[in-house]
Structures are given as structure tokens and as C-alpha cells.
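Contents: one structure, followed by commentary.
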């Protein structure tokens, strides 16, 4: 069995599972946010159950339109807050909250071997910790909140092997954009993407979260990494309960094995309006920008801010450009503050926001007007994603985003640092 | 369950931001969501749709976010079913759960154009293009799923099932 199959087998009380098999899976964590929780709560109440299956395993995070952006958003956040408090759920109020997929691993709420389902498509982020994590809709989440189980079809696993050591400005974002560019936005539809190889072993935990986060952008049900010393070090400092490390069998069967040599990979930029429109930075050409966003569940972690600060430090954001930096959680914010990264950002002329999903999905805190262009470290560049349907979003890593902020056009970090 | 209406055809990778832009997700009211269905890629969608019409699309329909608001908006806009070459997995589950029928059929997509009249029988999986006088076959819906869709989705279906089980006891 593959790593994903082993986790699903263990959670459905079976010795073996095979791709295509329908299984009822016990879940370790059920997540929702201020957009998806109100519907999940409504459906939960329609089912007619009084209490959630286990309040310690149901997490609600207000992060999308919170701190409340308008009255309807405030009402939605209120529905969620009241339900969470009444049921005694794991809930993070403004002041403790952060972007859910940065927050939950940081708080030790997701551990290796877990099955996590969330009413948010980027729930697949937790695969970086060798958990099986996948996004679902509110009604599925309501049902899981009631009974602690969910049916799933066991997905086939595609193994991606990354050979070689990538260059200085190439991170997890570039590996995943390159991969999605190769296989397409439905290249891993219904499947698990398992990431292995020399470049993956060298990748930091933050870089792994970035890669797992975007598995959904290739249509995957989950992205997953094996446990190594970096995983254990990350988890040891945070875990408040026991967990189990699963390893794939030597003879595990993969639907496909795809291999890349990434030793000469350049930073990638995904052009509008699909994450699969990836091009190497050297082939981008002259593209002027109006806005830069550095943050999100994809690239809002400390390492991402360190990379951005390295480039912005002692330089100035182009006078025509709005550079918006959003630490993923209060903890990330605080650590960035202590490391004086926030000072670097503000001195450079960037704004720093409290944690929120805000601009990534065109909510607030950086919505685009018609004809405007943004380079963003987020995960989607669909039509209208960040605002006007006539605006454009280019996806890139934090180094490219920071360099672009300085030069006012999409730029390689090397243009600034040399 | 027999459905009949005209085709509104779209390309590949129609994503959930196109189906219902996130800026309207500060409500979960189906009628409010329906007002903005497909507006970023087809501004006149709502004016063109009559009750029971179909969305027909290429591959990977519904890719992107997990928002259940997407199938809810489509259903509330009056669309009776979506026919595509393939669906993104979260959308697939969400559509069934809220009682929006979806069918996978390559031939029906290839040979149907905007404005064609289709007749769809979910129990048999038959898709008839009355304009072009052609018949296509998608996988038929099993009985429990037909019941789930006709009762309005997973929650109603679960409630009825629980009630029936209690009555037997």
C-alpha cells in the first residue's frame, strides 16, 4: 500500500484498501471557516443532532472575511462564533486566529497519520505532515461533525520524484507550479500526489506546506509527504497527543511515477488565468504590475517573509506599486516582528496586515480594479479571483514577488540582488 | 426523473470563482447567490436561463474552491443538471449532496451546442438531443442517488432514512 492507502486503511478498520474502494473513514479533525461554517451549521442543525461527535476534533477558524469586512460577513462570523462557543469547539477568536492552514499545523492540531477533512479546498496543505487531508463541501462537513466519519473512495496515488538540488531562489512554490504546468489543472484529478526525491528531502517544512497546499490546483484529492527528521522536529515541539508514523510499502503500487530533474529549474510565474500557465522567470518578458501580495495559506509562513525581507531590506517599493504583506498567523507576525522583518517591510514602503485570507479570493485588503495587474504568492489566478473580472493575477514565490515590488514589473530576484 | 431544457455551453476548467465569485460569499442565501451565478465569464447568463435548462461543459467543471455555494447557485438559477466531460472532485460531491444532478458524457458534450434542446432521463442515463436528433448514454443513476436528488439532497435523504428506520423499530 502507498502512504495514503495505509492511513485510510487504518482509519477504516481494514488491513488493506485499494484504489477505487469505498470506505467509511474515521476523522481526526473536521475544519470549517467563516464562509463555509454557516452552511455546515445550518445543515448540521437540519440533521437534528444536538452535539458534535467530539468538540476537541471540530475546529472553526474565522479567517476569510475576518476581521469582519462588512455587515453580512459580520453576521456569518457571528453564526460561527455562537455555534463554536455553545458546542465548546476548538475556536480561534480575532487576536488568536490566523489563516487556517498556517494556523492548524503551527498549533499542533494536525499530526502525522491523521485524517483531516475541511470545508476549504486547501485543507490538502496538511499532507506536508504525512497526514491524509482533503477539502469537502459544507454538507459533508455537517455530516462528519455529527458522526465523526465520512465516506471516501480510495484514490490512486501518483508519485512525483524531484531529482537534483534547485538554485537559490527556487522554493516549494516553483516545484509545484512547474509540476502543475506539466500535468495541467486536472492532471491529478481524484488522485493523491506523493512528493519524494532529493529536492524534497532538502525542502524546509514551510516549503513542503506550500507544495501540498497547491495539490488541489492539479485536481488532486490530497498531496502527501513522507515523515523525515524535519517533520519530526516540527511536530515534536507542537504535538499535545500521540500520533502514528506510516510508511509506504516497498512494493506499493502507483498509478504513475513522474520524474523531474530540478537542478536547473528557474523560479516560475503562472500567467492568468490558470495556475498551470507556468513559465520560467527568464521567459516572462516586460509585465508592469500595480500590486504585490505576499502571504496566504500558500506562502504566508515565516520562511516566506524572511525571503521577502532579504530582498526588500534597504530598498524601496516602486512608487506606482502597492505591496501588501500578510503574515499567516499571529505567531508568524510576532516572530517576524522580533526578527525585525516588519521594520524592513514598512521601511521599504510595504503595508503589513493582520492575518486574513482577504485579497487572495478578492474579499478585501487589496481588491483589484479593472485593468489592474497583481503578482501574488497565493494559489489561484482565475478570472476575477482578486477583484474585477478584468484584472489579472500572476502567481509566484515570495522572492519574485518582492523583486517585482521594487522594480514595478515582474522581475527575477537576481535583478535586484546583483 | 425526466428533465428537458436548452443547452448553455462552456469550455474546460469552469472554476468555482467563475460559478460564484468569492466577493458574494458573504451570504449563503441561494436566491442571492443565484443572482451572480456565472457572471464573471457570462454576464447575461441569468437572462438566458429558463427553468430546467442545462449547463454543458468540457473537462474539469467546478475546479477550485470547496464552496458548496457553487452548485447551490447553479441549482437556484434554475439549471436542472450539468453535463460535462469530467468534474472536479469536490464539486462532484457537493452537487450530489445538495441535489443537483450531474452527468459525465463526452459525446453529449462534443455534439451539443448552445440553444440545442436536450431531454435527460437520470434513471437510464439517456441524453437525447432533440434539436440534432441524437441519443447519448451517460452512466445511469442508482436508485438511492435518484431518491437523494429527488428529496433535495443528502441531509433530507438522511433524515428520511433515519425516520423510516425508527418507524420500523
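A few notes on this one:
- Top-ranked residue in segment A:82-113 [being over 23 Å from residue A:27 (Cβ atoms) and in contact (Cβ under 8 Å) with a residue 12 or more places away in the chain; ranked as surrounded by the fewest Cβ atoms within 10 Å (Cβ to Cβ)]: A:95
- Taking segment B:1-41 as the range and being within 7 Å of chain A (Cβ to nearest Cβ), in a loop (DSSP other than H, G, I, E, B) and under 17 Å from the mean Cα position of the chain (by Cα) as the test, only B:13 passes.
- Test: residue in segment A:199-217 that is in a helix (DSSP H, G or I), under 21 Å from the mean Cα position of the chain (by Cα), more than 14 Å from chain B (Cβ to nearest Cβ) and surrounded by fewer than 18 Cβ atoms within 10 Å (Cβ to Cβ): yes
- Residues of segment A:24-45 satisfying the condition of being under 20 Å from residue A:248 (Cβ atoms) and surrounded by fewer than 18 Cβ atoms within 10 Å (Cβ to Cβ): none
- In this entry, residue A:148 is excluded by the filter for residues that are under 27 Å from residue A:30 (Cα atoms) and buried (at least 21 other Cβ atoms within 10 Å of the Cβ).
- Segment B:52-75: number of residues that are more than 8 Å from the chain's Cα centre (by Cα) and within 13 Å of chain A (Cβ to nearest Cβ): 16
- Failed item, numbered, when residue A:92 is tested on (1) closer than 18 Å to residue B:65 by Cβ; (2) in contact with a strand residue (DSSP E or B) (Cβ under 6 Å, 6 or more places away or on another chain): (1)
- Selection count where residues are crowded, with 22+ Cβ neighbours inside 10 Å, in contact (Cβ under 8 Å) with a residue 40 or more places away in the chain and over 18 Å from the mean Cα position of the chain (by Cα), scope segment A:374-391: 1
- Which numbered condition residue B:89 fails, given (1) more than 13 Å from every other protein chain (Cβ to nearest Cβ); (2) buried (at least 23 other Cβ atoms within 10 Å of the Cβ); (3) under 29 Å from residue A:276 (Cβ atoms): (1)
- Taken over segment B:45-59, the criterion of being under 21 Å from residue A:273 (Cβ atoms) and surrounded by fewer than 24 Cβ atoms within 10 Å (Cβ to Cβ) is satisfied by B:45, B:57, B:58, B:59.
Conditions tested, residue by residue: (1) out of contact with any helix residue (DSSP H, G or I) (no Cβ under 8 Å at 6 or more places or on another chain); (2) under 16 Å from residue A:289 (Cα atoms); (3) surrounded by fewer than 18 Cβ atoms within 10 Å (Cβ to Cβ).
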position	(1), (2), (3)
A:315	no, no, no
A:320	yes, yes, yes
A:344	no, no, no
A:347	yes, no, yes
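Residues checked against (1) surrounded by 18 or more Cβ atoms within 10 Å (Cβ to Cβ); (2) closer than 19 Å to residue B:18 by Cα; (3) out of contact with any strand residue (DSSP E or B) (no Cβ under 7 Å at 6 or more places or on another chain):
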| site | (1), (2), (3) |
| --- | --- |
| B:63 | yes, yes, no |
| B:69 | yes, yes, yes |
| B:78 | no, yes, yes |
| B:101 | yes, no, no |
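- Identity of the residue in segment B:32-58, touching a residue at least 40 places away in the same chain (Cβ under 8 Å) and touching a helix residue (DSSP H, G or I) at 6+ places or on another chain (Cβ under 9 Å), that ends up nearest to residue A:36 (Cα to Cα): B:33
- Residue-level check: of (1) touching a helix residue (DSSP H, G or I) at 6+ places or on another chain (Cβ under 7 Å); (2) assigned to a helix (DSSP H, G or I); (3) surrounded by 17 or more Cβ atoms within 10 Å (Cβ to Cβ), residue A:333 misses just (1).
- Residue in segment A:291-313 that is surrounded by fewer than 18 Cβ atoms within 10 Å (Cβ to Cβ), modelled with pLDDT of 95 or more and part of a strand (DSSP E or B) present: no
- For segment A:248-290, a residue qualifies if it is part of a strand (DSSP E or B) and out of contact with any strand residue (DSSP E or B) (no Cβ under 8 Å at 6 or more places or on another chain), but none of them does.
- Selection from segment A:392-409 of residues that are more than 22 Å from residue A:211 (Cβ to Cβ) and surrounded by 24 or more Cβ atoms within 10 Å (Cβ to Cβ): A:405
- Criterion (within 14 Å of chain B (Cβ to nearest Cβ) and closer than 15 Å to residue A:144 by Cα) met by exactly one of A:79, A:35, A:71, A:47: A:47
- Scan of segment A:344-401 for residues that are more than 10 Å from chain B (Cβ to nearest Cβ) and in a strand (DSSP E or B), ordered by number: A:351, A:352, A:368, A:373, A:374, A:375, A:376, A:392, A:393, A:394, A:395
- Looking only at segment A:182-198, and only at residues there that are under 19 Å from the mean Cα position of the chain (by Cα) and away from chain B (no Cβ under 14 Å), the one that is nearest to residue A:269 (Cα to Cα): A:195
The values are calculated or read from the model by the stated rules, or taken from the named source; none is laboratory data. Just so we're clear, the structure is a prediction, and the values are computed from it rather than from any experiment. Don't worry about glycine lacking a Cβ; one is built from the backbone with ideal geometry, like all the others, and counts go over all protein chains shown.
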